[in-house]
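Notes follow the structure.
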Amino acid sequence: MRDTRRAEKIAFTGLLLATILVVLPVALILFLIVIRGIPALNFEFLFGMPREGMRAGGIFPAIVGTIYLVLGTAIFSIPLGILAAVYLNEYAKKNWLTRLVELAILNLAGVPSIVYGLFGLGLFVTFLGFGASLLAGSLTLAIMTLPVIITSTREALMAVPRSFREVSFSLGASRWQTVRYVVLPNAIPGIITGTILGLSRAAGETAPILFTVAAFYLPRLPQSIFDQAMALPYHIYVLSTQVPNVNPRIQYGTILVLVSMIFILNFVASFIRTRFRKKKVW
Amino acid sequence: MRKAVELFIEKAIFLSGLASIVFVILIFIFLLREGIALFFHYPFFSFLFGKNWYPISEPPQFGILPLILGSLLVTVGAIVIVVPLGLAAAIYVAEVAPSWLRDVLKSGIELLAAIPSIVLGFIGVVTLAPWLKAIFHIPSGLTALAGSIMLAFMAMPTVVSIIEDAIVSVPKSYREGSLALGATRWQTIYRVIIPSAGSGILAAVMLGIGRVIGETMAVLMVTGNAAVIPTSFLQPVRTLTATIAAEMGEVVSGSPHYYALFAIGIVLFVISFVINITADFFLHRR
């Protein structure tokens, strides 16, 4: 009896150590980024153009480029993703077609990000002739983000109790009216949370934008959706591998800006989620 | 009028529902469209099993065996690290940790998932690589091992959350039955809960492999980029994904080298397809 108790104690300690080994580096990495990145932050760095082959000046075009890309991704992926989830959860019957759609979503979620880059290059940049542009990059990121938005929207729709729909039908509402006035309003917080998380992931992606939009060095803001643009993740790649003798302060500063943008999006998402959980009455 | 609007909207909903299928097919078609052209210039067999990747020598050689083995080596290393650690972390979070600690640990793991791969790659180059160099006395820390460690870390959130879901969904009655028979919590965990969560754990391993094989930027930065057949973990390697990312920027559109990079894309697409279908099979096996 004593032995089994001791075995349990040893096992649980082992599990705790393994978990610490997983989580502690995360804290150290974030600490490193913040400590080394903060000295770089000033007005010129955030709102100035890069100078001296990106070894000085600011990262404003990369910040703006990333914001444009996130907005472009949102415009294409949000309507499509929400409608697709409505189809799967509210309209689709349990048949082979639905199963096929589910498998397709699963596969989209698993396709390597660099393969999305190739696909965007083949379809949007070359075949449709958009060139390397904000449009091509946004479309590529949108398709990549689609499975995240569909899956989280579907979960939000599923969480709306069946009885809500039954009441609406029994009052004579059509299926679309039920979706529009009963299901979607109740699922909105969940949908927003999932969508923001999907977009925050798109903001940090490098591989899909490598050949579809990213400009190596473009010290001005993009003028149209057919312009190339700088973007923070690609800029980090350039600063750390392509340009020699970059001051580490600039590298960490750029990383801190990107990570902050992503974490702000994540915090907004989880804030909406917790707010909603408290208000939920059913 | 209302009927017409509704009909229009429902058509839009239906079409959006099918969009995912269309995109999967489009991805495949456009990889194939650009990739298949390689095999007019270069035999398929020499592509898949050729031992030399010399895309810019004269004549060029497009054997991707070193790249496949590079991806495989890095993946095996990552899985060996991520599975035991991820399993332990998932068990601890789901079964052992007090609830305040569970929340802290879970948000730590969620934060990890939010850090972009390019950032982890950079951190890997400036911290992990010098450590490995010092520990193993090797000329450069940018090796397959660095890639495996980085990738294990990056696959961790996926693996932990799927295993945790699988553990949590083991019926409460199993736990109670075991505890009622006098088993300790630990005995219950490894004799009852882990075996019951078996399919979920297998699915986690499969999806972890998928995540690792497809990772690009971090692996490009930390593995040292030598397209040779690897013989040890302490040596630089080149993966399939890194090759595309590193070389596509410099090729002439429509050259054999360009087609070869798309052909690598096809290989990656097929691998991820197989892995995802298998993982789904494990998840829905109940």
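FYI, it's all coordinate maths here, none of it is from the lab. If you're wondering where the values come from, they're calculated on a predicted model, not measured in any experiment. Cβ placement follows ideal geometry from the backbone for every residue including glycine, while neighbour counts extend to all protein chains displayed.
Across peptide B:86-95, the mean count of Cβ atoms from other chains lying within 10 Å of each residue's own Cβ comes to 5.
Just to be sure I understand the rule: take each whole DSSP H helix in chain B, project its Cα atoms onto its long axis, keep it if the span is 30 Å or more and its mean Kyte-Doolittle hydropathy is at least 1.6. Which ones pass? It would help to have the intermediate numbers written out before the result.
Values: long enough: B:2-35 (48 Å, 1.53); B:65-91 (38 Å, 2.48); B:144-168 (34 Å, 1.78); B:256-283 (40 Å, 1.77).
Span-like helices here: B:65-91, B:144-168, B:256-283.
After finding the eigenvalues of the alpha carbon gyration tensor for the stretch A:5-66, what semi-axes result from the square roots of 5 times each, listed largest first in whole Å?
Values: eigenvalues 413, 21, 13 Å².
For the stretch A:5-66, the ellipsoid semi-axes come out as 45, 10, 8 Å.
Computed from the Cα positions only, the extents of the stretch B:84-179 along the three principal axes stand at 56, 25, 19 Å, in decreasing order.
The smallest convex shape that holds all Cα atoms of the stretch B:157-279, its convex hull, gives 135 Å³ per residue. Between B:PHE136 and B:VAL22, the contour length at 0.36 nm per residue exceeds the alpha carbon distance by 36.1 nm.
Shielding of peptide B:22-30 by partners, expressed as the average count of other chain Cβ atoms within 10 Å per residue Cβ, is 6. For A:GLY57, nonlocal amide neighbours, meaning residues 5 or more places apart or on other chains whose placed amide H falls under 5 Å from its own, are A:ARG51. Measuring between their Cα centroids, the stretch A:223-282 and the stretch A:167-218 lie 19 Å from each other.
Taking the helices alone, chain B has a mean residue ellipticity at 222 nm of -22500 deg cm²/dmol, built from -39,500 (n - 2.57) per DSSP H run of at least 4 residues and averaged over all its residues.
When only C-alpha pairs under 8 Å and at least 6 residues apart count, what is the relative contact order of chain A, in percent?
Details: 357 pairs, mean separation 77.2, N = 282.
Contact order relative to length: 27 percent.
Using only alpha carbons, build the gyration tensor for chain B and give me the equivalent ellipsoid semi-axes, biggest first, whole Å. Kindly include the intermediate steps, with their values, before the conclusion.
Values: eigenvalues 287, 177, 58 Å².
Working from the Cα gyration tensor, I get semi-axes of 38, 30, 17 Å.
For A:ILE225, no residue whose modelled amide H falls within less than 5 Å of its own remains once neighbours fewer than 5 places apart on the same chain are excluded. Around the amide H of B:ALA226, modelled in the peptide plane, lie the amide H atoms of B:VAL237, B:ARG238, all under 5 Å away and 5 or more residues distant in sequence or on another chain.
Once whole DSSP H runs in chain A are found, which of them have Cα atoms spread over 15 Å or more along the helix axis and a mean Kyte-Doolittle score of at least -0.5?
Values: long enough: A:2-37 (52 Å, 1.36); A:60-86 (38 Å, 2.04); A:96-110 (21 Å, 1.19); A:134-158 (34 Å, 1.41); A:184-204 (30 Å, 0.94); A:248-279 (46 Å, 0.70).
Taking the DSSP H segments of chain A (at least 15 Å long, mean hydropathy at least -0.5), we get A:2-37, A:60-86, A:96-110, A:134-158, A:184-204, A:248-279.
For the stretch B:64-197, the relative contact order comes to 34 percent (Cα pairs under 8 Å, sequence separation of at least 6). Pairs spanning more than 27 Å between alpha-carbon atoms, out of B:LYS106/B:LYS133; A:LYS9/B:LYS133; A:LYS9/B:LYS106: B:LYS106/B:LYS133; A:LYS9/B:LYS133. Summary of the geometry: the stretch A:54-89 and the stretch B:218-286, compared by the centres of their Cα atoms, lie 26 Å apart.
Residues of A:196-206, mean number of Cβ from any other protein chain within 10 Å of their own Cβ, rounded to a whole number?
On the way: counts 0, 3, 0, 0, 2, 3, 0, 1, 7, 5, 10.
Neighbouring Cβ atoms belonging to other protein chains average 3 per residue here.
If you take the beta carbon distance between A:ILE10 and A:PHE226 as r and set R0 to 51 Å, what does 1/(1 + (r/R0)^6) give as a FRET efficiency, to the nearest 0.05? The calculated FRET efficiency here is 0.20.
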